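Each remark here refers to the structure printed beneath this line.
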Amino acid sequence: MAASQFAATRGGAETVWQCKSQSKLIDFSSRKNKSKLLFTRRNLNQRRSFSFSVKNASNESSQKLKDPIVEQDSSILSSFIPDAASIASSIKYHAEFTASFSPERFELPKAFFATAQSVRDALIINWNATYAYYEKLNAKQAYYLSMEFLQGRALLNAIGNLELDGAYAEALSKLGHKLENVACQEPDAALGNGGLGRLASCFLDSLATLNYPAWGYGLRYKYGLFKQRITKDGQEEVAEDWLELGNPWEIVRNDVSYPIKFYGKVVSGSDGKRHWIGGEDIDAVAYDVPIPGYKTKTTINLRLWSTKASSQDFDLYAFNSGEHTKASEALANAEKICYVLYPGDESVEGKTLRLKQQYTLCSASLQDIVERFERRSGPNIKWEEFPEKVAVQMNDTHPTLCIPELMRILIDLKGLSWKEAWNITQRTVAYTNHTVLPEALEKWSLELMQKLLPRHVEIIEMIDEELINTIILEYGTADYDLLEKKLKEMRILENVDLPATFADLFVKPKESSVVVPSEELEDSKEEEEEDESVDEENESVDEEDESVDEEDESVDEEDESVDEENGPDKKCDEEKKKKVVVEPPPKLVRMANLCVVGGHAVNGVAEIHSEIVKDEVFNSFFKLWPKKFQNKTNGVTPRRWIRFCNPDLSKIITKWIGTEDWVLNTENLAELRKFADNNDLQTQWREAKRSNKLKVVSLIKERTGYSVSPDAMFDIQVKRIHEYKRQLLNIFGIVYRYKKMKEMSASGRKAKFVPRVCMFGGKAFSTYVQAKRIVKFITDVAATINRDPGIGDLLKVVFVPDYNVSVAELLIPASELSQHISTAGMEASGTSNMKFAMNGCVLIGTLDGANVEIREEVGADNFFLFGAKAHEIAGLRKERAEGKFVPDPRFEEVKEFIRSGVFGSFNYDELIGSLEGNEGFGRADYFLVGKDFPSYIECQEKVDEAYRDQKRWTRMSILNTAGSYKFSSDRTIHEYAEDIWNINPVELP
């Protein structure tokens, strides 16, 4: 083999590799086309080199090296469409020169890596071109910060967006493999858990497809959330291994690293500035992942941060002394920040780690954004123009620390005044809310934050003081009670004394001749309110941040203080009262309030959710700043969620609409309405659905061992396991169905019930005991029903383990009925409902989240509606607390049937007990399963009736796809870009 010489020249962040070689292995020409995929080649007889430019997409230095070859031929590279022969050559090249496997065999894992690296080469060309053009134009750019990005597999999505499906399939066929088999070797990227992360990934796809200048920022979790295993004991968690063999899509940017500080102290310097010194220092290193748009050159970036400590922090003396753990303690402490998504936070250590994660994301990202702004600005930096070049979107409250961190950078490092920095910050940052429950909004211990981030607490205290002043100006001081109420509700710092500057304004006049010490009175008030909030917190834990909510941190302490308050006899004498020790309520930082105050826009994610945000969650803020609040109904990318995952249906849609333009302009899907009753379309539609169902039959057999019939209705509920999502209502309905079947003759049950395969999927957070009980119960019911020979294929129950994006891409196209049955008013939006509808699945659900809008678009006749409405929920809970609720006999029948032991010997008293009683922690059916049960099972009877008429059902299915056009993430991103970010598309020349 010919020898190769590689000479690397490095200038700033741009590296140009010049390769001189005679080897044919790097010549990707074919007989039909002499263009090159990886290299631009010159005439070898003239002894010229070929060059491959690898740029840092974000951190290009002002001192740049110029490559005349790349500059001359960039248009040729970016416009080149490789054929199967050149792709096969590229794959063979990577198999030999960049492979992580031994050279003897070309088996599937090796084929995947070589194929992915071949695709990445094509992406890098467009990636570099995209950001070179952004640098040149200096256009305003949006930055989307999220703790999660649930990407799924990237290979098929990337080659689909590049329109190279056929070419890669043919190339791999020449090399002895099928594209589908190669693609299955890719593990799902373990960077998210549920809807929050999947939404972020859909947004990145739409941003690239629509040519918006944008960037995603997240953390590179080594072990993800967890990999779920289902055993006889229910759910078990093991670490994800997605990075075990490496990630062919990412590029580590060793030159892009930022310091992150924790702990330490804040001192005043001789320059009058505040200086954060000492403490623990780590580094955040960038790993970049290209995100290609569909049918466009635009390829944007997802930058993930990984944490490490300097090698200087390795204590060699301690190591050589035998103290090996101590020697690497600093390194381990740094690296573990990016080990696990949402680490358990029941311990102080867990809380600290979560807060470190959030700050790392915010600090590294903002340092990077500021550095890019400075570079693009040149020598004359005008900080007042920062919001005209930068838009920062916080996906939920996890990135809230962006606000004090940006203030810190601008004031402490860039020398701006408080007024200037606050104006810039408020114009730059915006917040997306993902929960409707006030008690579920993220809160952090002020004490913990003071220890970990002392400078940020100082800044937060100053923001809180500004807010207090604004509230006083708005409401005045004449009505003391109103002002006190507004301050208690709106302040960022909870249970924290007012700053000294405001103390004199709050001297309440005496209203009684009875002398009561003011401190006791205030403590009593606070404890009563804390008592009420504890009940609510314990009854309901909303996990829109895809974890057990952080406000549960203080539940145990609060419960103790409640007990102590209620302990003394009210009639005891004054001296006995003085001996009672009442723990003060914990001092907290309310992150959601900080988001609302510090940003210029707050948006909900569905129409009903946004109204609840304005009317209930942030009503006082809405009255103060009504123009801040908006709705941006979520959406999903039609590329991944129908075009690529459901090719059979996509071809049918294209055929009947007459164009494939619907993939980019989903409004065209509405054209299907004209053909909903056409027999030919209906026949083709059913054939496509059956083809997808056969794939799921194989998946279920492989994952669970159960055999199911493709002729049965596929009834699916896949989402994070949580009480408010009410998987318990679904499985109780199945138990009721099974019991009724057992009471009938074989002929009677066949006449009454439609055959169903009821599928569940989703993860219960590892410390969420009740959710794990629900998983265990579902699997026990499945084991009993699936082994009942008298029932056979009339009813099957399947829990699909380790539900993720790749599993969803199989289940959703095969679905016929999908359950979105959360308690009304508790789901912010949901996006899986949109994916199901887009794939022609009929929904059963409550008027909650995006269900409301989906029902409006697909038509009320094509949506199975049941359950209480959002405005009724508070009254129904009050009725329950007063002991007025009378459960339906059918609901009581199901509970008795379960307790009979028919589903095994496991004790389900705790699970069933949560649905009983009128009050108390973990009781009183907070999520109204019993209330909605009668309506639910009656609605399911209507489902059976409709499914028996396949012509009617197919029509409903077609109209669901036709009505799903609104729920494209392209529409959502256009709205964000226009109404919040103020950015414009930038299409590459």
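Would you mind working out the magnitude of the charge dipole of the range 84-432 relative to its Cα centre, with +1 at each Lys and Arg C-beta and -1 at each Asp and Glu C-beta, to the nearest 20 Debye?
Numbers: 38 positive and 44 negative charges, 178 e Å.
Dipole magnitude for the range 84-432 comes out near 860 debye.
Look at the alpha carbon pairs under 8 Å that are at least 6 residues apart: their mean separation over the length of the range 892-989 gives a relative contact order of 9 percent. Available extension along the chain between Glu494 and Glu385 is 35.8 nm, counting 0.36 nm per residue and deducting the alpha carbon span. Kindly list the residues of the range 349-377 that lie in the label zone of Asn138, defined by a backbone N under 14 Å from the point 7 Å along the Cα-to-C-beta vector. Under 14 Å, as judged by backbone N against the label point of Asn138, lie 372-377 of the range 349-377. Among Ile125, Ile774, the sequence by solvent-accessible area, most first, with a 1.4 Å probe is Ile125, Ile774. Taken over the range 741-893, the convex hull of the Cα atoms encloses 161 Å³ per residue.
Annotation: amide H of Leu150 within the under-5 Å range of Gly197, Arg198, Ala200, Ser201, sequence separation 5 or more or interchain, hydrogens built in the peptide plane.
For Asp949 and Glu447, what does the FRET efficiency come to when R0 = 45 Å and r is the distance between their Cβ atoms, rounded to the nearest 0.05?
Numbers: r = 63 Å, r/R0 = 1.40.
Efficiency computed from Cβ-Cβ geometry: 0.10.
The stretch between His324 and Arg686, if pulled fully straight at 0.36 nm per residue, gains 124.0 nm over its current Cα-Cα span.
Using a Förster distance of 56 angstrom, determine the FRET efficiency expected from the C-beta separation of Lys740 and Phe101, and round it to 0.05. Can you show the working numbers first?
Working: r = 56 Å, r/R0 = 0.99.
It comes out at approximately 0.50.
Modelled label positions at Tyr263 and Lys655, each set 7 Å beyond Cα in the direction of Cβ, lie 6.7 nm from each other.
With each label modelled as a point 7 angstrom along the Cα→C-beta vector, the Glu466-Glu371 pair spans 2.7 nm. Only Lys, Arg, Asp and Glu carry charge here, each on its Cβ (+1 for the first two, -1 for the last two); on that basis the range 922-989 has a dipole of about 320 debye about its Cα centre. Per-peptide packing, taken as the mean over residues of other Cβ atoms within 10 Å, places 362-373, 858-869 in the sequence 362-373, 858-869 from highest down. At the residue level, Met834 shows approximately 0 square angstrom of accessible surface with a 1.4 angstrom probe and all protein chains present.
Counting only DSSP beta bridges with both residues in the range 110-249, what percent are antiparallel, rounded to the nearest 5? Antiparallel bridges: around 55 percent, rounded to the nearest 5. Protection proxy ranking of 903-910, 824-831, 630-637, by the mean of other Cβ atoms within 10 Å over each peptide's residues and highest first, is 824-831, 630-637, 903-910. Here the accessible area of the range 140-227 is 47 percent carbon and sulfur, with a 1.4 angstrom probe and all protein chains present.
When every alpha-carbon pair in the range 870-984 is counted, what percent end up more than 18 Å apart?
Values: 4597 of 6555 pairs.
So the pairs more than 18 Å apart make up 70 percent of the total in the range 870-984.
Hey, what D do you get for the range 165-257 in µm²/s if you plug the Kirkwood alpha-carbon radius into Stokes-Einstein at 20 °C and 1.002 mPa s? It comes out at roughly 129 µm²/s. Counting only DSSP beta bridges whose two residues both lie in the range 84-432, roughly 60 percent are antiparallel. All Cα-Cα distances of the range 84-432, cut into 10 Å bins from zero to the largest, leave 5, 22, 30, 25, 14, 5, 1, 0 percent in each bin in turn. Contact order for the range 84-432, expressed relative to its length and based on alpha carbon pairs under 8 Å spaced 6+ residues apart, stands at 18 percent. Scanning residues 5 or more positions from Ile381 or on other chains, none has an amide H under 5 Å from its amide H, with H placed 1.01 Å from N in the peptide plane. Under 1.5 on a/c is rounded, so check that first for the range 195-329, then, if it is not, pick prolate when a/b is larger than b/c and oblate when it is not; a ≥ b ≥ c are the square roots of the alpha carbon gyration tensor eigenvalues. It comes out oblate by the Cα gyration axes.
Please compare each pair in Lys326/Lys451; Lys382/Lys451; Lys232/Lys701; Lys265/Lys308; Lys178/Lys701; Lys336/Lys835 to a cut-off of 27 Å on the Cα-Cα distance and tell me which ones are over it. Write down the numbers at each step before the final one.
On the way: Lys326/Lys451 22 Å; Lys382/Lys451 34 Å; Lys232/Lys701 17 Å; Lys265/Lys308 22 Å; Lys178/Lys701 22 Å; Lys336/Lys835 35 Å.
Beyond 27 Å: Lys382/Lys451; Lys336/Lys835.
Between Tyr317 and Lys174, the modelled label-to-label distance comes to 6.3 nm, taking each label 7 Å out from Cα in the direction of the beta carbon.
For the range 84-432, the residue among Leu361, Gln117, Phe386 whose Cα projects farthest onto the positive side of the dipole built from Cβ charges is Phe386. I need the calculated FRET efficiency for the pair Asp479 and Phe921, taking r as the beta carbon distance and R₀ as 41 Å, to the nearest 0.05. Computed FRET efficiency for Asp479 and Phe921 comes out at 0.70.
Amide H to amide H distances under 5 Å link Val636 with Ser968, Ser969, where only residues 5 or more positions off or on other chains count and H is placed in the peptide plane. Taking a label point 7 Å from the Cα of Glu163 along the Cα→Cβ vector, which residues of the range 613-648 have an amide N closer than 16 Å to it? Counting backbone N atoms under 16 Å from the label point, the list is 639, 644.
With protein chains left intact and a 1.4 Å probe, residues in the range 845-946 average 46 Å² of accessible area per residue.
Stretched out straight at 0.36 nm per residue, the stretch from Ser347 to Asp788 would grow longer than its current Cα-Cα span by 154.3 nm.
The values are calculated or read from the model by the stated rules, or taken from the named source; none is laboratory data. Since this is a predicted model, take the numbers as computed values, not measurements. In this analysis, Cβ positions are derived from the backbone assuming ideal geometry, glycine residues included, and neighbour counts consider all displayed protein chains. SASA here: full protein model, heavy atoms, side chains in, ligands and nucleic acids out. Shrake-Rupley method; radii C 1.70, N 1.55, O 1.52, S 1.80 Å.
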